[in-house]
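Colleague: Quick one: structure below, then a few questions.
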Amino acid sequence: MSLDLPALGCATTPVLKERGQREVFCGLTGIIWLHRKMQDAFFLVVGSRTCAHLLQSAAGVMIFAEPRFGTAILEEKDLAGLADANTELDREVGRLLARRPDIRQLFLVGSCPSEVIKLDLARAAERLNGAHAPHVRVYNYSGSGIETTFTQGEDACLAAMVPSLPATDVAELLVVGALPDVVEDQCLALLAALGVGPVRMLPARRSHEMPAVGRNTRYILAQPFLGDTAAALDRRGARRIAAPFPFGEEGTTLWLQAVADAFGVMPARFDAATAAPRARARKAVAAHAATLSGRSLFLFPDSQLEIPLARFLARECGMRPLEGGTPLLHRALRAPELALLPQGPVLSEGQDVDRQLDRHAALSPDLTVCGLGLANPLEAAGHATKWAIELVFTPVHFYEQAGDLAGLFSRPLRRRALLAQGGAA
Amino acid sequence: MKLTLWTYEGPPHVGAMRVATAMKGLHLVLHAPQGDTYADLLFTMIERRDHRPPVTFTTFQASDLGADTATLLKSAVAAAHDRFRPQALLVGASCTAELIQDDPGGLARALNLDVPVVPLELPSYARKENFGADETFHALVRALAVPMPRTEAITCNLLGATALGFRHRDDVAEITRLLAQMGVAVNVCAPLGATPDDLRRLGQAHFNVLLYPETGEGAARYLERACGQPYTRTVPIGVGATRDFLAEVARITGLSAAVDETGLRQPWWSASVDSTYLTGKRVFLFGDATHVIAAARIAAQEIGFEVVGMGCYNREQARALRTAAQAHGVEPLVTDDYLEVEAAIAAAAPELILGTQMERHIGKRLGIPCAVISAPVHVQDFPARYSPQMGFEGANVIFDTWVHPLVMGLEEHLLTMFREDFEFHDAAGPSHHGAKAVAREETEAAIPVVQPSGEVRWLPDAERELKKIPFFVRAKARRNTETFAAARGVAAISVETLYEAKAHYAR
């Protein structure tokens, strides 16, 4: 696969901005993976029964007896001012921390109702920090649907942690974004093979491993949806390493190359560290590219992973993206991706789901990437779909997952081909 | 403010969505922020629906709050009307929109659309999903149903079946078939499968069958008042309840309750000697009140289990549940706090849980088998096969479903005979479940163990003997023995004491 830029990329492609019904999750959803990633953290949503129901439904199964997230459900007396919401919150937090002495970080997570009634969770966090420090560190951020879409919740969470990270002048690399443990380990191994270090992760698995940050910190995003976190790190003096995202062989190589350039890694060392996994990744992707090549692709907005994925599917799997929808297009963070994405697809930001469904029906793509609310109805209408949420819940970054990532898209097509043979009259 | 980890019911607007999604030719506009659209996936994924729920969300954002959310709502209603051309529109608000007080009903009516617009009152901070479904269906019926002449033939309406209901699809088919055998045709089944125009015809039925009080009682009561239609009180789940239901229909209609029972196998399956081992098995029941009350009757009278605990999460039906619990001689548990349910189950140490998907998880943790009898639903509760809970086929289905998780008769004997056998130790679990046997130590940790009171002490022999008692009754045996010993001033429990206590408590 060539690393050359396409003759015509999407850097200057106009974006169709839509405003209407959005068929997307709110930022609370990020709690589902964040609470597994940060093993001594508890996420307390201050919200309504809807918030609790969303977390339960999106998590799918209740595999955890007492999960490290919960909802402080606002009741009528809280709204009518009969009970002081802050006193109530302090009481619930006190009870929670008494029952869970293993909790070292507590996130108060704002929701639509708490934002609308203007419950000041920043002050509440300050107050609770006074009461529970140093054993527990209390943060707050908003995962409300009126302000955040799906993965923006993780962005808000990490951004909330940045101001209280300790200061340092040590030159370190900070990798930003919650990655599955297996992926994080591979990432660290690759960076070690390049001789880059010390390397820190944000978020860290445990509170005492949280990174320090300062003007000698170089950081690189591992997820495309971390705009606010990047801005918060910039304010701490850290400098961002711009790169495409590590999806696929090419994305991973360019991501590592950007780090290598920033840390002065010699080309010979880079080649030695990456040659074997690159070859493996290419081979693994090729197995699926045969199924995907030449097929058209339509991405509904979901996780902000859409543009990097469209780039991967177009350049490494030979697919033809027709529309790449994304809930939010962060131009600066997406620039290296847009330069690589071959011209052709409509880029849309935001959503008017009914109009987008009309466009989709008119194009009738070979593969549709969409949320769970749309997948079965589109399948029933004859379209092959890939549920987008799996892309967030599955290890898909870096070389060793490149084949798995391609497989997520080829499987629906292979499955349809298999089932087409069955049920014959 | 109340800390909640898991919930049995969603918010009321999800109940409204269950009614809207069950029906045809109806559209619901919800004033709600982005993110509330998650509820779509309940229908498309759990129930595998092949259409999007007929619901438009206004998905307002923070920037709209300062501006004009009311205009947003009006344009969403107008757009939904133009695009979907429904026979009627429902308009409501989710929890957040309730706070901004836009009066969705009033705004929608101001559009002067050519279809009825039914506003919904869904108090999100006080009520829950079942209330929302009942209230929505009630509001629709109030808006559309009118008294009218009865049909010539004897007909009834089936009330309460919704989308995302526990086996509603098959219950409707089963009850329709049973009623047909009696000579009663179904005029309208609603909400499931009905259009708003169908609701206008509700009044011509001779009576109503209330399938699910949780979601249909408001409408049934209204129709009794407004259209003079009596409604059935018996929920036909179980053999006895089905026969009572048919007798009730016979009283209302004057028809004979005699129907063909050749397909009914549950009574013989229960009477056959293979089922002897089911006698007195201790069961704990939890779910919605309707299913729990019916299941308790089946458990006690049709299968021969012992009901050791029962409860429901919906306060609306708490009174009926309390009455039933009294009849079964147990304390009623009315709570929507999942941890409280878990504690009650651990304390009762049942051999089988009949519960919801929540209790299935509790059962996994406590090492107690569980069969699911009630919503909240899971993708597993929508089987491809015909699988009703109601009527005679429902009774057959229930027998199979409840017995399947249990250790089978002969296996149980082997477990008792060879308690310390490395394969057949009691933590190994039933052999027909395919799960790998777990190490004994781990399972022990999951079993609720009652700590010795401190006043009495267990001698090593007695402690070893206690371990030979099946794990699901061990906590109770320990507690009983200690109580027995304490009452007699015995400070050290021997094997002798253990068996004396056993004899004392034997019935």
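The values are calculated or read from the model by the stated rules, or taken from the named source; none is laboratory data. None of the values given here were measured: they were computed from a predicted structure. Cβ placement follows ideal geometry from the backbone for every residue including glycine, while neighbour counts extend to all protein chains displayed.
Colleague: Just checking, which of B:ILE345, B:ILE293, B:ILE298 is touching an Asp or Glu at 6+ places or on another chain (Cβ under 8 Å), β-branched (Val, Ile, Thr) and surrounded by 18 or more Cβ atoms within 10 Å (Cβ to Cβ)?
Modeller: B:ILE345
Colleague: Can you tell me how many residues within the range A:359-406 are acidic (Asp, Glu) and under 18 Å from A:PHE245 (Cβ atoms)? Talk me through it step by step, then tell me what you get.
Modeller: Step one: of the range A:359-406, the residues acidic (Asp, Glu) are A:366, A:379, A:390, A:400, A:404.
Remaining after also requiring under 18 Å from A:PHE245 (Cβ atoms): A:390, A:400, A:404.
Count: 3.
Colleague: Only residues that are over 21 Å from B:ALA343 (Cα atoms) and surrounded by fewer than 21 Cβ atoms within 10 Å (Cβ to Cβ): list them for the range B:304-316, please. First the steps, then the outcome.
Modeller: Step one: filter the range B:304-316 for residues over 21 Å from B:ALA343 (Cα atoms), giving B:304-305, B:316.
Across the range B:304-316, the qualifying residues are B:GLY304, B:GLU316.
Colleague: Shifting gears a bit: Can you confirm whether the range B:372-390 contains a residue that is modelled with pLDDT of 95 or more and of a type in the set (Val, Ile, Thr)?
Modeller: yes
Colleague: Tell me whether the range B:50-64 contains one or more residues that are closer than 29 Å to B:ARG169 by Cβ and part of a helix (DSSP H, G or I).
Modeller: Our first condition is that a residue be closer than 29 Å to B:ARG169 by Cβ; within the range B:50-64, this holds for B:50-57.
Pick out the ones that are also part of a helix (DSSP H, G or I) and you get none.
Checked against the condition, which is being closer than 29 Å to B:ARG169 by Cβ and part of a helix (DSSP H, G or I), the range B:50-64 yields no hits at all.
Colleague: Right, next: Among the residues of the range B:317-342 satisfying the criterion of being at pLDDT below 95 and over 16 Å from the mean Cα position of the chain (by Cα), which is surrounded by the most Cβ atoms within 10 Å (Cβ to Cβ)?
Modeller: The residue in question is B:GLU342.
Colleague: Name every residue in the range A:381-425 that is under 11 Å from A:VAL369 (Cα atoms) and modelled with pLDDT of 95 or more, in order of residue number.
Modeller: Looking only at the range A:381-425, we keep the residues that are under 11 Å from A:VAL369 (Cα atoms), and these are A:383-391, A:408-409, A:412.
Passing the criteria: A:HIS383, A:ALA384, A:THR385, A:LYS386, A:LEU408, A:PHE409, A:PRO412.
Colleague: Count, please, the residues in the range A:207-219 that happen to be under 22 Å from the mean Cα position of the chain (by Cα), surrounded by fewer than 23 Cβ atoms within 10 Å (Cβ to Cβ) and without any contact (Cβ under 8 Å) to a residue 60 or more places away in the chain.
Modeller: Residues in the range A:207-219 being under 22 Å from the mean Cα position of the chain (by Cα), surrounded by fewer than 23 Cβ atoms within 10 Å (Cβ to Cβ) and without any contact (Cβ under 8 Å) to a residue 60 or more places away in the chain: 3 in total.
Colleague: Within the range A:377-425, track down each residue that is on the phi > 0 side of the Ramachandran plot and surrounded by fewer than 19 Cβ atoms within 10 Å (Cβ to Cβ).
Modeller: To start, the set of residues in the range A:377-425 that are on the phi > 0 side of the Ramachandran plot comprises A:382, A:398, A:423.
Result: A:GLY382, A:GLY423.
Colleague: Confirm whether A:ALA133 is small (Gly, Ala, Ser) and away from chain B (no Cβ under 14 Å). I'd like the intermediate steps shown before the answer.
Modeller: Details: small (Gly, Ala, Ser): yes; away from chain B (no Cβ under 14 Å): yes.
Spelling it out, A:ALA133 is indeed small (Gly, Ala, Ser) and away from chain B (no Cβ under 14 Å).
Colleague: So for the range A:67-74 (the condition being basic (Lys, Arg), closer than 23 Å to B:THR96 by Cα and surrounded by 18 or more Cβ atoms within 10 Å (Cβ to Cβ)), does at least one residue qualify?
Modeller: Looking through the range A:67-74, none of the residues is basic (Lys, Arg), closer than 23 Å to B:THR96 by Cα and surrounded by 18 or more Cβ atoms within 10 Å (Cβ to Cβ).
Colleague: Against the condition surrounded by fewer than 24 Cβ atoms within 10 Å (Cβ to Cβ), in contact with a strand residue (DSSP E or B) (Cβ under 9 Å, 6 or more places away or on another chain), outside any helix (DSSP H, G or I) and not assigned by TED's automatic domain parsing to the domain that holds B:ARG85, how does B:VAL186 come out, does it pass? Before you say what the answer is, go through the steps one by one.
Modeller: Details: surrounded by fewer than 24 Cβ atoms within 10 Å (Cβ to Cβ): yes; in contact with a strand residue (DSSP E or B) (Cβ under 9 Å, 6 or more places away or on another chain): yes; outside any helix (DSSP H, G or I): yes; not assigned by TED's automatic domain parsing to the domain that holds B:ARG85: yes.
Against the criterion (surrounded by fewer than 24 Cβ atoms within 10 Å (Cβ to Cβ), in contact with a strand residue (DSSP E or B) (Cβ under 9 Å, 6 or more places away or on another chain), outside any helix (DSSP H, G or I) and not assigned by TED's automatic domain parsing to the domain that holds B:ARG85), B:VAL186 qualifies.
Colleague: Having 2 or more residues that are farther than 22 Å from B:TYR277 by Cα, among the acidic types (Asp, Glu) and modelled with pLDDT of 75 or more is the bar; report the helices (runs of 4 or more DSSP H) wholly within the range B:415-505 that clear it.
Modeller: Details: elements: B:440-446, B:460-467, B:471-487, B:495-505.
So the answer is B:460-467, B:495-505.
Colleague: Out of the residues in the range B:17-40 that are within 8 Å of another protein chain (Cβ to nearest Cβ) and outside any loop (DSSP other than H, G, I, E, B), which is surrounded by the most Cβ atoms within 10 Å (Cβ to Cβ)? Spell out the reasoning first.
Modeller: From the range B:17-40, those within 8 Å of another protein chain (Cβ to nearest Cβ) are B:33-40; that's our starting set.
Checking the rest, the ones that are also outside any loop (DSSP other than H, G, I, E, B) come to B:33, B:36-40.
Numbers: B:PRO33: 32, B:ASP36: 30, B:THR37: 28, B:TYR38: 25, B:ALA39: 28, B:ASP40: 23.
Per the criteria, the residue is B:PRO33.
Colleague: Then there is this: Only residues that are in a strand (DSSP E or B), touching a residue at least 60 places away in the same chain (Cβ under 8 Å) and buried (at least 23 other Cβ atoms within 10 Å of the Cβ): list them for the range A:126-161, please. Give the derivation first.
Modeller: Within the range A:126-161, the first condition is being in a strand (DSSP E or B), and the residues that meet it are A:137-142, A:149.
Right, trim to touching a residue at least 60 places away in the same chain (Cβ under 8 Å) and you get A:137, A:142, A:149.
Passing the criteria: A:SER142, A:THR149.
Colleague: Also, quick follow-up: For B:ALA173, indicate whether it is outside the structural domain of B:PHE399 (by TED's automatic domain parsing), surrounded by fewer than 22 Cβ atoms within 10 Å (Cβ to Cβ), small (Gly, Ala, Ser) and farther than 28 Å from B:LEU26 by Cβ.
Modeller: Against the criterion (outside the structural domain of B:PHE399 (by TED's automatic domain parsing), surrounded by fewer than 22 Cβ atoms within 10 Å (Cβ to Cβ), small (Gly, Ala, Ser) and farther than 28 Å from B:LEU26 by Cβ), B:ALA173 does not qualify.
Colleague: Sticking with this structure for a sec: Against the definition (in contact with a Lys or Arg (Cβ under 7 Å, 6 or more places away or on another chain) and of a type outside the set (S, T, N, Q)), how does A:GLU147 come out, yes or no? Spell out how you get there, then give the answer.
Modeller: On the way: in contact with a Lys or Arg (Cβ under 7 Å, 6 or more places away or on another chain): no; of a type outside the set (S, T, N, Q): yes.
It is false that A:GLU147 is in contact with a Lys or Arg (Cβ under 7 Å, 6 or more places away or on another chain) and of a type outside the set (S, T, N, Q).
Listed here are the residues, each with its yes/no results for (1) among the hydroxyl-bearing types (Ser, Thr, Tyr); (2) under 28 Å from A:GLU154 (Cβ atoms); (3) at the interface with chain B (Cβ under 7 Å from one of its Cβ atoms).
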residue	(1), (2), (3)
A:ILE73	no, yes, yes
A:GLU76	no, no, yes
A:ALA80	no, no, no
A:ARG91	no, no, no
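Colleague: So, one more: Residue check: is B:ARG385 more than 12 Å from B:LEU285 (Cα to Cα), of a type in the set (Lys, Arg) and either part of a loop (DSSP other than H, G, I, E, B) or touching a Cys at 6+ places or on another chain (Cβ under 9 Å) (or both)? Spell out how you get there, then give the answer.
Modeller: Details: more than 12 Å from B:LEU285 (Cα to Cα): yes; of a type in the set (Lys, Arg): yes; either part of a loop (DSSP other than H, G, I, E, B) or touching a Cys at 6+ places or on another chain (Cβ under 9 Å) (or both): yes.
So B:ARG385 passes the test.
Colleague: Let me ask another. Could you go through the range B:170-179 and let me know if any residue there is in a loop (DSSP other than H, G, I, E, B) and at pLDDT 95 or above. If you could, list the steps in order and put the result at the bottom.
Modeller: Taking the range B:170-179 and keeping what is in a loop (DSSP other than H, G, I, E, B), we get none.
Within the range B:170-179 (the criterion being in a loop (DSSP other than H, G, I, E, B) and at pLDDT 95 or above), the answer is no, since none of the residues qualifies.
Colleague: Suppose the filter is within 14 Å of chain A (Cβ to nearest Cβ) and more than 15 Å from the chain's Cα centre (by Cα); does B:ALA346 pass it?
Modeller: Criteria met by B:ALA346.
Colleague: Provide a single number: the residues in the range B:132-169 that are more than 19 Å from B:PRO11 (Cα to Cα), part of a loop (DSSP other than H, G, I, E, B), touching a residue at least 12 places away in the same chain (Cβ under 8 Å) and not hydroxyl-bearing (Ser, Thr, Tyr).
Modeller: Matching residues across the range B:132-169 total 9.
Colleague: With the structure loaded, tell me whether B:THR69 is of a type in the set (Ser, Thr, Tyr) and facing chain A (nearest Cβ under 9 Å) or whether it fails that test.
Modeller: On the way: of a type in the set (Ser, Thr, Tyr): yes; facing chain A (nearest Cβ under 9 Å): no.
No: the conditions fail for B:THR69.
Colleague: Right, something else. Answer yes if at least one residue in the range B:41-60 is more than 9 Å from every other protein chain (Cβ to nearest Cβ) and farther than 26 Å from A:PRO301 by Cα, and no otherwise.
Modeller: Among the residues of the range B:41-60, not one is more than 9 Å from every other protein chain (Cβ to nearest Cβ) and farther than 26 Å from A:PRO301 by Cα, which makes the answer no.
Colleague: Do you know which residues across the range B:89-105 are surrounded by 24 or more Cβ atoms within 10 Å (Cβ to Cβ) and more than 14 Å from chain A (Cβ to nearest Cβ)? Explain how you work it out, then say what you get.
Modeller: Of the range B:89-105, the ones surrounded by 24 or more Cβ atoms within 10 Å (Cβ to Cβ) are B:89-98, B:104.
Of everything in the range B:89-105, those that are surrounded by 24 or more Cβ atoms within 10 Å (Cβ to Cβ) and more than 14 Å from chain A (Cβ to nearest Cβ) turn out to be B:LEU89, B:LEU90, B:VAL91, B:PRO104.
Colleague: Do you know which residues across the range A:340-355 are farther than 17 Å from B:ASP40 by Cα and within 14 Å of another protein chain (Cβ to nearest Cβ)? Step through it out loud before you land on a result.
Modeller: Step one: filter the range A:340-355 for residues farther than 17 Å from B:ASP40 by Cα, giving A:340-350, A:355.
Those that are farther than 17 Å from B:ASP40 by Cα and within 14 Å of another protein chain (Cβ to nearest Cβ): A:GLU349, A:GLY350, A:ARG355.
Colleague: Determine the pairs where a residue that is within 10 Å of chain B (Cβ to nearest Cβ) and surrounded by fewer than 24 Cβ atoms within 10 Å (Cβ to Cβ), located within the range A:104-120, has a partner that is part of a loop (DSSP other than H, G, I, E, B) and not charged (D, E, K, R) with Cβ atoms under 7 Å apart, the partner being 6 or more residues away or on another chain.
Modeller: Matching pairs, first to second residue: A:GLU115/A:SER144; A:GLU115/A:ILE146.
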